[in-house]
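Below is one structure; the comments refer to it alone.
The values are calculated or read from the model by the stated rules, or taken from the named source; none is laboratory data. This structure is a prediction, so every number in the text was calculated from the model and none was measured. We place every Cβ from the backbone using ideal geometry, glycine too, and count neighbours over all the protein chains shown.
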Amino acid sequence: MSKRKVKDAALPVGECITQVCIKQLLTFEGAQWVLQSKICLFRHLLELLKRTAVHGESNSVLIVGPRGAGKTMLLKCVLRDLLEETEAQKNLLQVHLNGLLQTDDRIALKEITRQLHLENVVGDKVFGSFAENLAFLLEALKKGDRSSSRPVLFVLDEFDLFAHHKNQTLLYNLFDVSQSAQAPIAVVGITCRLDVLELLEKRVKSRFSHRQIHLLSSLTSTQYLERVQTQLSLPDHFPDGQFAQDWNDSIKTLCRDKSVGEILQRHFNSSKDFRSLHMLLVRVTQNMVPHPKPTIKPIDVQEASRVCFADATANMLRGLSILELCLIIAMKHLNDVYEGEPFNLQMVHNEFKKFLQRKSNSMYNFERPVIMKAFEHLQELELIRPVDGSSAKTQREYRLMRLMLDHSQIVEALQKYPQCPTEVKQWGMSAFG
């Protein structure tokens, strides 16, 4: 192959590999995975939603399992098959809510109205309760003859977070409608909490059908490694066949590398979630050198893994001022001396003054208001937090606090802190203040 051909082929390889990663990921997590591993659950959920979409029967169900087990993909595959039915495609409406986004019932109701395209119908109307508003929305969905309402599928992702809404009004009304057959709706909750039913109020629980679909990840470390190799391999129909063969051979060699195997095993032990694996592989492809001949080396995997496992809190410490870092070190020594007991600003200030007296360096002499401001900034960053709510009544210097960092995070931050003064680093690394 000429240099020009290699150069032309090298240019789109990074993008191509990323696309292959996504395609292989979707293929594995999609229909193939569902049909082979979860066929019974797939059929059960499909039949359940078909009763609502085609026959107008209301239902409710929870899909429960750890992250990465395929809960969302199972639902996506079911909906894909369901919408192949002409009647379902024509009539079924979908509302997708997420507990991380719709943090209260008012926001959730506004999102329901938007997704059902009923903003103009609601207009400036004022409703006495959430139930009246929801009933009005469902009434507005009735067909032209006003005899029957269009079926609606409500998908509640992060279902457990909706249980923290005031009085669980949204859940109560959705389950109440599904039970009383006011309108054909199906409520599908997706959650990682195995104890999610214990979070529901008695009146909400009594209106839930108690159908649960449990998904568990049966993936082995060998299958995980095979999936990495499959995702990074180029397809047979790649334009340059010789390049694809050389690339795939290099990927097999990479996956047999001992250091790469240890990294992938660590990721597997940390999380079997394919989203985290996908994030790792995308970073790997970004790190590789595209010229003259693109290849992925073990060092690229190590660097990508380092970024993925980076401690966000330790990185935050690297952005603190020297004063704030000194206060953190003083708290660390107080934790060591008093075995994790709470401390206050006065105790931290006294510990800091001991350090200043030993060093007798004027560059670390700060006025008390400046120290107090730095202490409050650490609280805003949530690196320290009050022991309890009653501390608000206590004078600021004497409010009890806890350090939200462990010893290793502080040591790591000191080692990576840009141009950290030697005496501060020695103070932080020492066993005693």
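The condition of being surrounded by fewer than 19 Cβ atoms within 10 Å (Cβ to Cβ), in contact (Cβ under 8 Å) with a residue 24 or more places away in the chain and assigned by TED's automatic domain parsing to the domain that holds GLN379 holds for only one of SER276, SER321, that being SER321. Go through the residues of segment 222-231 one by one and say whether even a single one is free of Cβ contacts under 8 Å to residues at least 24 places away in the same chain, closer than 23 Å to GLY70 by Cα, in contact with a Cys (Cβ under 9 Å, 6 or more places away or on another chain) and not assigned by TED's automatic domain parsing to the domain that holds THR72. Checked against the condition, which is being free of Cβ contacts under 8 Å to residues at least 24 places away in the same chain, closer than 23 Å to GLY70 by Cα, in contact with a Cys (Cβ under 9 Å, 6 or more places away or on another chain) and not assigned by TED's automatic domain parsing to the domain that holds THR72, segment 222-231 yields at least one hit. In this structure, ALA140 does not qualify as small (Gly, Ala, Ser) and surrounded by 19 or more Cβ atoms within 10 Å (Cβ to Cβ). A single member of LEU82, LEU49 is touching a residue at least 60 places away in the same chain (Cβ under 8 Å) and either touching a strand residue (DSSP E or B) at 6+ places or on another chain (Cβ under 7 Å) or crowded, with 16+ Cβ neighbours inside 10 Å (or both), and it is LEU49. Restrict the check to segment 60-75 and report whether at least one residue is surrounded by 19 or more Cβ atoms within 10 Å (Cβ to Cβ), within 24 Å of SER209 (Cβ to Cβ) and at pLDDT below 50. No - not one qualifying residue is present in segment 60-75. Any residue at all in segment 78-98 that's at pLDDT 90 or above, assigned to a helix (DSSP H, G or I) and closer than 28 Å to SER206 by Cα? Yes, there is a match, as at least one residue in segment 78-98 is at pLDDT 90 or above, assigned to a helix (DSSP H, G or I) and closer than 28 Å to SER206 by Cα. For segment 38-77, a residue qualifies if it is of a type in the set (D, E, K, R) and either in a helix (DSSP H, G or I) or farther than 23 Å from PHE175 by Cα (or both), and the qualifying residues are LYS38, ARG43, GLU47, LYS50, ARG51, ARG67, LYS71, LYS76.
Let's see how each residue does on (1) within 23 Å of LEU280 (Cα to Cα); (2) among the acidic types (Asp, Glu); (3) in contact with a helix residue (DSSP H, G or I) (Cβ under 7 Å, 6 or more places away or on another chain):
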position: PHE208; (1), (2), (3): no, no, yes
position: LEU219; (1), (2), (3): yes, no, no
position: THR222; (1), (2), (3): yes, no, no
position: ARG227; (1), (2), (3): yes, no, yes
position: SER233; (1), (2), (3): yes, no, yes
position: ASP236; (1), (2), (3): no, yes, no
position: GLY241; (1), (2), (3): no, no, no
position: ALA244; (1), (2), (3): yes, no, no
position: SER250; (1), (2), (3): yes, no, no
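Under the condition of being in contact with an Asp or Glu (Cβ under 7 Å, 6 or more places away or on another chain) and outside any helix (DSSP H, G or I), the residues counted in segment 399-428 number 1. Restricting attention to segment 232-252, the residues that are without any contact (Cβ under 8 Å) to a residue 12 or more places away in the chain and surrounded by fewer than 12 Cβ atoms within 10 Å (Cβ to Cβ) total 4. The requirement of being at positive phi and either loosely packed, with under 15 Cβ neighbours inside 10 Å or modelled with pLDDT of 85 or more (or both) is satisfied by GLN419.
Highlighted here are the helices (runs of 4 or more DSSP H) found entirely within segment 102-209 that include at least 3 residues which are modelled with pLDDT of 90 or more: 105-115, 159-162, 169-180, 202-205. Of all residues in segment 240-259, those being part of a loop (DSSP other than H, G, I, E, B) and more than 16 Å from LYS293 (Cβ to Cβ) number 1.
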